[in-house]
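Please treat every number below as a calculation from the coordinates, not as lab data. Source: prediction; values computed, not measured. No Cβ is skipped: glycine too gets one built from the backbone with ideal geometry, and neighbour counts run over all protein chains shown.
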Amino acid sequence: MFLEKLRLDDRVAVVTGGGRGIGLACCEALADAGAQVVIAHIDADVTQEGRSYLKSKGFSAEAASLDVTNSAQVTQLADALVERFGRIDILVASAGIARTGTPAEDVTDEHWLNVNDVNYNGVFWCNRAFGRHMLQARRGAIVNIGSMSGFIVNRPQRQSYYNTSKAAVHHLTRSLAAEWADRGVRVNAVAPTYIETPLTKYAYETPGMVEAWLRDTPMGRLGQPHEIASVVHFLASDGASLMTGSVVSADGGFTCW
Ligand code: NAD
């Protein structure tokens, strides 16, 4: 009975930014549990690589073009996918950017707006568009990828724009969860530590940065995408049927210190 709750057979899942990194690992985890997965992506080449990777593991995923900052496009895609599949059961909002390392006093309007547009507005447009259909069906699970940066201030890199965008994602998650809890739609978030993906690649080229991160992490290591995907899988499944509005830390203990 307990393992069955983790199965996602016959469920349709959309993963934004699913072509690589954490999003791709989420696609693999959800497909492994039986879900039909759709990668909603801004970059066709990256997504093709992601699909090839999934194929090599014995899984398939459909792909749909999407810029999460374009709310009209997000709504159109949600409507089109519901038309096609009959429903969407799971949304994983993983698309995000960091544009790392700019002191607050030097952050331009464009920089601030761009990061918040992708990381925060984009998450809302997706939650709203897919959430509407889930509310109609009175069934759905949304998992937003937040960050431990929504709880703590990253260091040594200066990232006011990123930290605040992730804190906003956490509170958006709780706000939507409270609004939709009695209509069958659960909304949760995962708050990862530093994960080895293209997003954190810059850190290896910045002397001392990874070492500083490791010193601040009780487990003394970075995370791997699959370690976030397994938490996302759980939150998306019936195993988490009583969970909504939770922001689950998967951070190697980082926020303990
Ligand atoms: P990544 O750069 O590997 O993947 C991000 C994906 O988002 C890419 O495929 C990119 O094409 C896509 N994307 C960017 N802008 C988009 C847009 N406007 N519309 C649609 N897709 C867009 O990064 P990742 O590490 O896999 O990050 C995934 C999520 O996890 C992000 O929200 C990130 O903030 C969060 N996160 C990452 C870490 C980390 O250390 N890697 C830690 C905490 C949280």
Next item on the list: Evaluate the charge dipole of segment 1-91 about its Cα centre and quote only its size in Debye, nearest 20, assuming +1 on the Cβ of each Lys and Arg and -1 on the Cβ of each Asp and Glu.
Entry: 180
Checklist line | Alpha-carbon centroid distance for the pair segment 49-63 / segment 218-234, whole angstrom | finding: 21
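Can you tell me the length gained on complete extension of the stretch Glu83 to Val153, counting 0.36 nm per residue apart and subtracting the Cα distance?
This chain segment gains 21.0 nm when fully extended.
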Next item on the list: Can you tell me how much longer the chain between Trp257 and Lys55 gets when fully stretched, taken as 0.36 nm per residue apart minus their C-alpha distance, in nm with one decimal?
Entry: 68.7 nm
Item checked: Among Asn114, Ala129, Ser94 the positive-end extreme of the charge dipole of segment 93-132 (Cβ point charges) -> Ala129
Note to self: Can you return the lysines within cross-link range of Lys55? Criterion is Cα-Cα under 27 Å, with same-chain partners fewer than 8 residues away left out.
What the structure shows: Lys5, Lys201
